[in-house]
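Below: the structure, in structure tokens.
The values are calculated or read from the model by the stated rules, or taken from the named source; none is laboratory data. Only a predicted model underlies this, so the values are computations on that prediction, with no experimental measurement involved. Reconstructed Cβ throughout: ideal geometry from the backbone, glycine too, with neighbour counts over all protein chains shown.
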Amino acid sequence: MLSFKWKNPHTRRLVFSYGKDWLLVFIMTIVFFMVDLIPPFHREFSLQDTTIMYTYTENETVPPWSLALICLVAPMAVIGLISLCFQRSIHDFHSGVLGLCLALSMTIMLTDIIKITSGRPRPDFISRCQPPAGSVDPPLGISNVSICTTPIDSHIMVDGYKSFPSGHSSFSFAGLGYTAFYLGGKMHMFDERGHTYKCFTFAFPSLGAILVAISRTCDYRHHWQDVFIGSLLGTIAYFAYRQYYPSLIHVQCDAPYAMRSLAGSPDLEDGGRDDDGNSMGSNNSLGVRIPQHEPYSDYHLQQQQRNKSPSPPPITFANGSAREDRY
């Protein structure tokens, strides 16, 4: 069994290596909270614009606390259940949670930076602004925030300029999208055996993200463009997933990459050995699987075998021409 004593050089390399990843997650989260304190750009608007005349309501279909449960707590629970109870792999649990946190922290940071910079009014902005009765746009221009009777620095007005892109959409697609990739890898979704239930299991978290995104238009919190771009930002989940797991078409897509302190170590070839010199095999108690140069699927293996087979003799026709048969 691998030793996690600090004197073990593998342990020190492991902590320093993954510590950088967690530090990056922490920094991006802090940047998000700092950027969120900056007042957004006050974009001008028209009092005749029907796309920002919807009614403002305080209640949301998916409030922030519920979003955190759906896109952070629930995915962590799924990862913990599969990795610790079924896979029995601490390394898989750590890789899964780290990838999830990387996806979410990067997504919220980028989303909030774009929100503050663009300053697009929400669909219910006029209801938040409360311009005086009978107000109209200037003869040769459009209105600005000075026409609003609601204090500019109030939360309702600051939040009213954060329509683009949708934070709920990006956060839900990042968290639930990552969960879909995690489940797809564990099921070997592309194993060329045609198990339809795998596709439904993969699509279930994605459907949840879609419903969260749609709810933002039903609450008149976002325009459809905000939801669309926010959902695209959530695809950062795939980038984060691939940092710690192979492609879904890989033959070992159910296992995370080998721990960085172990991969490349001469003592760990052919599955590796622990501190007592005992062979760990391809899977050890930490769930580490040393990647091998294996084909991606049975199809690729068959192709490799065919390429190694001797070519059949050419076929000679009656007219004297010959054709070499390929298969």
Checklist entry - Does region 141-159 include one or more residues that are farther than 17 Å from His42 by Cβ and not aliphatic (A, V, I, L, M)? => result no
Item to check | Number of the condition not met by Lys186 [criteria: (1) part of a helix (DSSP H, G or I); (2) farther than 27 Å from Ile114 by Cα; (3) in contact with a Leu (Cβ under 9 Å, 6 or more places away or on another chain)] | outcome: (3)
Checklist entry - From the list Asp159, Asp153, which residue is assigned to a helix (DSSP H, G or I) and surrounded by fewer than 22 Cβ atoms within 10 Å (Cβ to Cβ)? => result Asp159
Checklist entry - Is there any pair linking a residue in region 111-126 that is closer than 16 Å to Leu37 by Cβ to one that is crowded, with 23+ Cβ neighbours inside 10 Å and among the polar types (S, T, N, Q), with Cβ under 6 Å and at least six apart or on different chains, and which? => result Thr111/Ser170
Checklist entry - Within region 215-229, can you find the residues that are part of a helix (DSSP H, G or I) and either more than 16 Å from Tyr161 (Cα to Cα) or acidic (Asp, Glu) (or both)? => result Ser215, Cys218, Asp226, Phe228, Ile229
Checklist outcome for this item: Going through region 168-193 in order, the residues found to be touching a Lys or Arg at 6+ places or on another chain (Cβ under 6 Å) and more than 19 Å from Cys85 (Cα to Cα) are His168, Met189
Next on the checklist: I want to confirm something. Restricting to region 33-90 and keeping residues that are more than 27 Å from Met109 (Cβ to Cβ) and of a type in the set (Ser, Thr, Tyr), which single residue is nearest to the chain's Cα centre (by Cα)?
Outcome noted: Ser89
Checklist entry - How many of the residues in region 238-269 are under 26 Å from Val15 (Cβ atoms), modelled with pLDDT of 85 or more and of a type outside the set (D, E, K, R)? => result 11
Next on the checklist: Given the criterion farther than 28 Å from Phe204 by Cβ and among the β-branched types (Val, Ile, Thr), identify the matching residue among Ile116, Ile82.
Outcome noted: Ile116
Checklist entry - Do we have any residue at all in region 127-143 that's in a loop (DSSP other than H, G, I, E, B), touching a strand residue (DSSP E or B) at 6+ places or on another chain (Cβ under 7 Å), surrounded by fewer than 21 Cβ atoms within 10 Å (Cβ to Cβ) and not basic (Lys, Arg)? => result yes
